[in-house]
1. Between Ile15 and Thr28, what is the label-to-label distance in nm when each label sits 7 Å out along the Cα-to-Cβ direction?
2. How many nm is it between the label spots at Ala46 and Ile4, if each spot is 7 Å from the Cα in line with the beta carbon?
3. Mind checking the full-extension length gain between Ala37 and Thr55? Use 0.36 nm per residue of separation minus the Cα-Cα distance, one decimal, nm.
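What follows is calculated from the coordinates using simple rules that are stated; it is not laboratory data. Keep in mind the model is a prediction, meaning the values are calculated, not measured. A quick note on method: Cβ atoms are made from the backbone with ideal geometry, for glycine too, and the neighbour counts reach across all protein chains shown.
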Amino acid sequence: MNLITKVITTIAASIISVDVLLMVINGTMLYVLLTLAGFYILAGLAFKQSVYKATRSWIDTGHLPHKEKAHVKTHN
């Protein structure tokens, strides 16, 4: 990594660290964790499968997996 990337990464890490520290001191970290847990549960209900599996599939393939549906034959 070059010097500019290291400086930007250090500044971002410092801001995130101070933010987390302030949330712990202020007592809002619990609310943040509960909100993230709620989003995880809602995402699980939306995907109708494990959020971890859906996210891994999305990262690997670039799109969310679709549940296999029974093929319906149509009569013309």
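1. With each label placed 7 Å out from Cα toward Cβ, I get 1.6 nm.
2. Roughly 3.6 nm, to one decimal.
3. Here the segment from Ala37 to Thr55 would lengthen by 4.9 nm.
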